[in-house]
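Written below as structure tokens is the structure these notes are about.
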Amino acid sequence: MAKSVNNITVTVDDNNNVTTIPEGTSRVPVLHESRVVVFPYTLTPLVINGEENIAMVQDASKDDRLLAIFPPLPTPEEAEALSFDIKFNGVKFNDNMISTVGVLVRIVKILNFPDGTVRVLVRGLKRIKFEQGCPGKEPQALVSEIKERNEQSLEIAAMVKNATNQFQEIISYTPNFPDELKIAILNLNNSVRITDLIIDTLNIDFAEKLALLNLINLDERLQLLTILLNREVEVLHLGSEIQNQVQTAMSKSQREFFLREQLKTIKKELGEGSGNPDVVVIKKKLEEIDLPKVVLKTINKELERLEVIPQAAAEYHVAYSYINWLISVPWNIYSDDRLDVQEAAKILDKDHYGLKDIKQRILEFLAVLQLKKDRKAPIVCFVGPPGVGKTSLGQSIARAMGREFIRMSLGGVRDEAEIRGHRRTYIGALPGRIIQGLKRAGTSNPLFMLDEIDKLGNDHRGDPSSALLEVLDPQQNHAFNDHYLELDYDLSSVMFIATANITETIPPALKDRMEIIRLPGYTAEEKKQIAKRFLVPRQLKDNGIKQRQLSFSVKAIDEIINHYTREAGVRSLERTIGKVCRKYARSLVEKTIKDSDRTLLGVEHIKKYLGVHQFTVDKAETMPAPGTATGMAWTSVGGTILVVEASVMPGNGNLKLTGSLGDVMKESAEAAFSYIRSNAGKFKIRKELFTKNNFHIHVPDGATPKDGPSAGITIITALLSAMTGRKPVPELSMTGEITLIGRVTAVGGIKEKVIAAMRSGIKTIVLPEANRKDLEEIPDNIKNKLTFKFAENVNQALKHTLMK
């Protein structure tokens, strides 16, 4: 078939092979954005984007179906990455740099897709050269045909044959190529067509294909093609070698497995033992330790698996680690408890001052052990503010009982597996921290401290507090099941001691399983004794000072306690004493104090070393004004006195509350106001006072949050004092919750409140009658300095709190 288009005559036979393209230039549409390199005599699919390009292709398909494709030049990075030197000739066309060598193609088929793109199948016809661009709506250019001769020299024939053989080898390594391709190349006689077909089929980079398209000379094109074919063949050879090595290793491993199985069978028939050194070591350990029958049965079963699993297999190491854990856990190992109650009492007294209730509870447990000898231990929880010695007390108890001490911090733990362990199916699985702690202790009856149990968390990985329910339940922990061991472990002999700052955040079910023992904050006298007996000697030693060189007077310690620390415990006190010791040590080094000098620190020394006072002690008013009352409050760092102020001003009967009060304290103030208003006649208050005045209650300090019902009696005293003008009794403080009918009910924190009141110069304290029993907890030396008044209702309380 022959056709004349734009002065170019194309003759195509039945197989679409081009026979003649006359010389001259022609104007044809140009496709210049595609990074697909098309070669003559090949079918290539193209994706056409952009409305302009799509319209151009559709117009061409209606006319002569011819297009000129000029690929863009490669990027500088792509050009530098080439393993050979070549110069790309380019020309600027429609703001793009394109190759001057392209291909004239015929559109074979067009497919429109829903996404707006057009897929075109084109057949390459001939290499063409870009002459110049043509103006117009569609991108068009004048192009000229590049003549290519089918050279038949011996060198060309040899290179074509070599390229064909190498390509056949590539096809043999790559199953994706169809058999028809191999047949087509073998049946072609045209060197140019063979070369271009191999290039088009070869899986090489865009820049490399464009370089081959630009090489007009067939000899140069074949030389570069040979280099690229050699590279591809080498890559395929290397990949094949790697694959063969892997298959050989797998075959060798399988062969070793079968031989090992045969060897085991032969040894078994001959009565010989296992040849696995790991199994031999484990069996030797089993002869030396005493294990429960169920554990021994599990280990023997795992040993049978271990003997048949190849040592290189991942499952081997999982089984070996599991057996090692089963052997390492102290199943039947128990330490002997020190049951001498007197000796244990001496150790506890030596390590800690005071804490009589806790010491008595531990000694009671030791006494019970002497009678029962069943090793069942109590589960207790020490609750108290920071720094009162909860953790160190656990260490002291372990020493007094002769047990190993294990501490596990639960603060921030959110994963249940931390307690119960991971299943062995997970990579890197381990037992939980309970079993790990027992392994470190080496006994089944250590003292296990669960520190900061009130700070447990939970998330999508589980709830650790729920896992602890089994651990801390005396009815269940004799059969604690760790997910990793999958065997029951008896925890009933472990003495669990939990510590917490508050009980509100401990789940109720968990709290119910523990015996709560509260550690109140230390009194000033107790802090003084602790500092003299423990803190000062320890800080002198830590700072390299000899006891003969430095000592603290009682007044110096009082100065530090009252004016440089404010806490329920003694942690800050010890740090402050350490600060004084460090400053003294510097004086020794700088020779401002001689080594032979003995220094007794007084108040002036403390002020010199520590500077201005950090805290001031609240002092009770000796001449309180009407409308004020002194209450008592409990805080996380101990007790304190609390002044309540009330005032009356013209208004319409509103009650205003200020001072960062919480909801409970606001309700307490409203209850006090309602009680006074409902009993105005009893207090000789005119009713007009409530309708013509506003009432304001303020509790300093304004920035400190306050809450709780214990200030009820204080608020009603301040209000009545403001309304009646009666002054409150000087040097008197009070605490107690009130009801709407005037009853005074019990409150907590009596010990801390009383100590704080005495420290502030209070002489008389008014308490609810229901709190009379709490005076037994207060040391006698404090009770003897105070006068206590008790009240069952508001009327009795007011007789003590307001002057006549």
Every pair of residues 6+ apart whose Cβ atoms lie under 6 Å, when the first sits in region 336-356 and is in contact (Cβ under 8 Å) with a residue 12 or more places away in the chain and over 26 Å from Pro779 (Cα atoms) while the second is open to solvent by 60 Å² or more (accessible area, probe 1.4 Å) and part of a helix (DSSP H, G or I): Leu339/Gln370
Hits in region 390-409 - residues which are of a type in the set (S, T, N, Q) and open to solvent by 20 Å² or more (accessible area, probe 1.4 Å): Thr391, Ser392, Gln395, Ser409
Positions within region 385-434 being outside any loop (DSSP other than H, G, I, E, B) and over 30 Å from Thr523 (Cβ atoms), in sequence order: Ile406, Met408, Ala417, Glu418, Ile419, Arg420, Arg433, Ile434
Sole residue being in contact with a Phe, Trp or Tyr (Cβ under 9 Å, 6 or more places away or on another chain) and open to solvent by less than 30 Å² (accessible area, probe 1.4 Å), chosen from Pro464, Pro431: Pro431
Enumeration of residues in region 758-783 that are at pLDDT 90 or above, outside any helix (DSSP H, G or I) and not hydroxyl-bearing (Ser, Thr, Tyr): Ile762, Lys763, Ile765, Val766, Leu767, Pro768
Residue in region 547-594 that is most open to solvent (accessible area, probe 1.4 Å), counting only those that are in a loop (DSSP other than H, G, I, E, B) and under 30 Å from Thr640 (Cα atoms): Arg566
Matching strands (runs of 3 or more DSSP E) fully within region 630-709 where at least 1 residues are modelled with pLDDT of 90 or more, more than 21 Å from Glu737 (Cβ to Cβ) and open to solvent by 70 Å² or more (accessible area, probe 1.4 Å): 638-650, 655-658
Hits in region 357-384 (condition: over 26 Å from Ala531 (Cβ atoms) and assigned to a loop (DSSP other than H, G, I, E, B)): Lys373, Asp374, Arg375, Lys376, Ala377, Pro378
Residue match in region 370-389 (condition: loosely packed, with under 15 Cβ neighbours inside 10 Å and under 22 Å from Ser572 (Cβ atoms)): yes
Matching residues, region 488-527, being assigned to a loop (DSSP other than H, G, I, E, B) and under 22 Å from Ile406 (Cα atoms): Asp490, Leu491, Ser492, Ser493, Val494, Asn501, Ile506, Arg513, Met514, Leu519
Members of region 331-355 found to be open to solvent by 40 Å² or more (accessible area, probe 1.4 Å) and either part of a loop (DSSP other than H, G, I, E, B) or at pLDDT below 80 (or both), listed by number: Asn332, Ile333, Tyr334, Asp336, Arg338, Leu339, Asp340, Tyr353
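Go through region 720-752 and give me each residue that's among the aliphatic types (A, V, I, L, M) and either open to solvent by 30 Å² or more (accessible area, probe 1.4 Å) or farther than 18 Å from Ala633 by Cβ (or both).
Hits for region 720-752 are Leu720, Ala722, Met723, Val729, Leu740, Ile741, Ala746.
Which of the residues belonging to region 747-757 are part of a loop (DSSP other than H, G, I, E, B) and either under 12 Å from Met734 (Cα atoms) or among the acidic types (Asp, Glu) (or both)?
Filtering region 747-757 for residues part of a loop (DSSP other than H, G, I, E, B) gives 747-749.
Across region 747-757, the qualifying residue is only Val747.
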Counted residues, region 377-428 - those being touching a residue at least 60 places away in the same chain (Cβ under 8 Å), within 16 Å of Leu438 (Cα to Cα) and in contact with a Ser or Thr (Cβ under 8 Å, 6 or more places away or on another chain): 4
Restricting region 756-768 to residues that are out of contact with any strand residue (DSSP E or B) (no Cβ under 6 Å at 6 or more places or on another chain) and closer than 17 Å to Arg566 by Cα, the residue that is most open to solvent (accessible area, probe 1.4 Å): Arg759
Entirely in region 112-205, the helices (runs of 4 or more DSSP H) that have 1 or more residues that are exposed (fewer than 14 other Cβ atoms within 10 Å of the Cβ) and in contact with a Ser or Thr (Cβ under 8 Å, 6 or more places away or on another chain): 154-173, 179-187
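The values are calculated or read from the model by the stated rules, or taken from the named source; none is laboratory data. None of the values given here were measured: they were computed from a predicted structure. Counting neighbours? That spans all protein chains shown, and the Cβs are built from the backbone with ideal geometry, glycine included. In case anyone asks, the SASA skips ligands and DNA or RNA and just uses the protein heavy atoms, side chains included. Shrake-Rupley method; radii C 1.70, N 1.55, O 1.52, S 1.80 Å.
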